[in-house]
Amino acid sequence: MAQGCATNAAMLLANTTRSPVAISNSTAFDAFYRAHHADAVRWAVALVGDRGVAEELAQDALAAVGRRLGTVDDPPAYLRRTLANRAASWHRWHARERRRMRRAAAGAATAYIAADDER
């Protein structure tokens with residue numbers, strides 16, 4: 001598991017230039033990722049109820065923290081807030097998608113069809 005975490009952390013920072021600062025940031029991010037990945041996934045599962053979606057949200061949130069790791073005062077708190085925001089966005093998207101699917105199943109126009117019909 002630890003090697004998988006390190007591989008994922010390395011992939012998240014793959015686009016970083018390799019200056020001495022980037023290497024030290026990469027090392028700091030690797031440590032942060034290993035320490036908080038499992039918690040991030042667990043929090044995301046609690047927020048969205050689906051492990052697959054939770055893992056994607058956790059990866060996105062960890063990548064966001066990785067980009068700001070040197071500038072954030074409390075990275076674990078920033079990670080939790082980022083996860084909560086992304087989970088709320090996912091719930092909004094999921095609710096819109098469910099409404100579209102219900103309208104489509106009932107034969108009503110969806111937002112996509114209505115936009116095309118108005119032209």
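The values are calculated or read from the model by the stated rules, or taken from the named source; none is laboratory data. Note that this is a predicted model, so its numbers are computed, not measured. So basically every Cβ, Gly included, is an ideal-geometry build from the backbone, and we count neighbours across all protein chains shown.
Number of residues in the stretch 1-54 that are touching a helix residue (DSSP H, G or I) at 6+ places or on another chain (Cβ under 7 Å) and modelled with pLDDT of 80 or more: the value is 17. So how many residues does the stretch 46-93 have that are under 23 Å from Asp30 (Cβ atoms) and either buried (at least 17 other Cβ atoms within 10 Å of the Cβ) or not hydroxyl-bearing (Ser, Thr, Tyr) (or both)? Summing the residues that are under 23 Å from Asp30 (Cβ atoms) and either buried (at least 17 other Cβ atoms within 10 Å of the Cβ) or not hydroxyl-bearing (Ser, Thr, Tyr) (or both) in the stretch 46-93 gives 30.
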